[in-house]
Amino acid sequence: MSKRAGWISAGVIASLVVGGAVYATTSNSDSHGTVIRVVDGDTVDLEIAGEQTRVRLLNIDTPETVDPDKAVECMGPEATDYLERLLKPGEKVDLEYDIEREDRYGRTLAGVFKDDVFVNSAIAAAGLGVAVKYEPNVKFYDEVLAAEQKAVDAGEGLFDPSVECTIPAQLDEADTALSEVSSLPADSIEEAESLMGEAAAAVGVGLAVKSALNKAKSATHPVTHALMSGRYASDISRLSTRIDDIKQLEAFHKEQRAELVEKEKQRKEAERKKKEAEAKAKKEAEAAAQRAAEQQAAAKAAQKAQQKRYSAPKSYSKPRTQPKKSAPKKSSYSNYTGPRCYAPGGKTWKPC
């Protein structure tokens, strides 16, 4: 007989009609209950055997929402909403127990069934809780764990990477940032600085995610902590490794930037020296040209001055002389008493 049929039979037996009046008889069985209200994602108040009883669902733990000493966990309100939709006040449920019937808080520990739905595993299948063992109560653990795996495979609830607060979403955010940093060497100082900035930003994202996850302690974030130490332990370990890798990459880009800065400094220094040499050569050439021009001008000036001082004398023409008229020869100079000019030998003479 199914649990649903068993509940209907008990309901029929519990209602008797006598003399036109309806008398309700209370069943002493604790295998059935009526929903009073949902407390949170894994706790519900039921009326069992005529008494209000707080029931904690076995082998399932949902994110915290009601404990004043604990933060509201990711998907906690969603888990509560899910259970409220599943178990409405006045609805009938069946209960199954394990070895220990109560926890240290006095809550009844049970598996809850509504019609053909095993509520404990339904919560896990929706990704709104995780399978846990409360020794010695492990009766429903395997079934709840299998339901949790379905949620993991489907990316539901706590395993949905599109929900910002989930561990997969945070790990994806960090992985995306860390994966976008290029490991290729930069071609310029600007590119190296950009890569340094990208690496530093990615490391910042990774460290922020790691810090946020590390704050999830078992006492305050039991579900998140359980997932971190279980399903996502290796992923978180890889995150730490990836952060260290990108830190090294940041150092690489920083070192390369320093090399590029030094090369640029040397290039500018060489260019400065080249320009200085070119300017010096140009200045010297201009000075030499100036000196040559000045020397040439001085030479021309000197030449002109010399030409003025040493100009050539005018050509001289010997004036024509009138031919001397010869004195008429005299037959003799016997009567001459003036000066005499003797011919060679002194034998002859003529008047001078």
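Please treat every number below as a calculation from the coordinates, not as lab data. In this text, all values refer to a predicted model and were calculated from it rather than measured experimentally. Neighbour counts run over all protein chains shown; Cβ positions are idealised from the backbone, glycine included.
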Query raised in the report: What's the exposure ranking of K70, K280, going from fewest to most Cβ atoms within 10 Å?
Result: K280, K70
Report summary line: Listing R85, R101 by rising number of other beta-carbon atoms within 10 angstrom, fewest first, gives R85, R101
Report summary line: Neighbour-count ranking for I123, I36 (other C-beta within 10 angstrom, fewest to most) reads I36, I123
Report task. With all distinct Cα pairs included, what does the Kirkwood hydrodynamic radius of the range 75-216 come out to in Å, to one decimal, could you say? Result -> 18.4 Å
Query raised in the report: What is the pair-distance distribution P(r) of the chain, computed from all Cα-Cα distances in 10 Å bins starting at 0, with each bin given as a whole percent?
Result: 4, 15, 15, 10, 8, 6, 5, 4, 4, 3, 3, 3, 3, 3, 2, 2, 2, 2, 2, 2, 1, 0, 0
Query raised in the report: How high is the relative contact order of the range 32-159, in percent, counting Cα pairs under 8 Å that sit 6 or more residues apart?
Result: 26 percent
Report task. Let me know the shape class of the range 32-159, please: from the alpha-carbon gyration tensor, a ≥ b ≥ c as square roots of the eigenvalues, rounded when a/c is under 1.5, otherwise prolate if a/b is greater than b/c, or oblate. Result -> rounded
Requested in this report: Take every Cα pair under 8 Å in the range 117-169 that's 6+ residues apart, average their separations, divide by the length, and report that relative contact order as a whole percent.
Outcome: 34 percent
Query raised in the report: Given a cut-off of under 8 Å on Cα pairs at least six residues apart, what relative contact order in percent is computed for the range 175-265?
Result: 44 percent
Query raised in the report: Applying the Karplus parametrisation 6.51 cos²θ - 1.76 cosθ + 1.60 with θ = phi - 60° to the phi angles of the range 89-98, what ³J(HN,Hα) value in whole Hz is obtained for each residue in order, glycine and proline being reported as x?
Result: x, x, 6, 9, 9, 10, 10, 10, 10, 10
**Report entry** 13 Å beta-carbon shell around P185, net charge (K/R +1, D/E -1)
**Finding:** -1
Query raised in the report: Going by the alpha-carbon gyration tensor, a ≥ b ≥ c the square roots of its eigenvalues, is the range 175-265 rounded (a/c under 1.5) or, if a/c is not under 1.5, prolate (a/b greater than b/c) versus oblate?
Result: prolate
